[in-house]
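The next block holds one structure in the form of structure tokens; read it before the comments.
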Amino acid sequence: MTDLDSLIDRAAAMGWNRREVIAALADLLDAEPEDADGLLRTMADYVSQPARHVA
């Protein structure tokens, strides 16, 4: 399993639809293609943190 697969699986476990996760990643990579690795690492760090409640 790759880091990307793991990221998608963890996001799906938190309630995201797998297609939503992939679409969000694609949007991020389109916006910042020169920092793709950094964006994927940031998302992986975010997903691995405890759930946050937004008001």
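The values are calculated or read from the model by the stated rules, or taken from the named source; none is laboratory data. As the structure is a computational prediction, the values presented were derived from the model and not from experiment. Here the Cβ positions follow ideal geometry from the backbone for every residue, glycine too, while neighbour counts run over all protein chains shown. Quick note on the areas: whole protein, heavy atoms, side chains included, nothing else; ligands and nucleic acids left out. Shrake-Rupley method; radii C 1.70, N 1.55, O 1.52, S 1.80 Å.
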**Complete:** Log entry, pairs with first residue in the stretch 9-36 being without any contact (Cβ under 8 Å) to a residue 24 or more places away in the chain, second being assigned to a helix (DSSP H, G or I) and open to solvent by 80 Å² or more (accessible area, probe 1.4 Å), beta carbons closer than 7 Å, six or more apart or on different chains, reads Ala12/Arg18
**Item:** Residue selected from the stretch 1-15 under the condition out of contact with any Lys or Arg (no Cβ under 9 Å at 6 or more places or on another chain) and surrounded by 13 or more Cβ atoms within 10 Å (Cβ to Cβ), by the criterion modelled with the lowest pLDDT
**Value:** Leu4
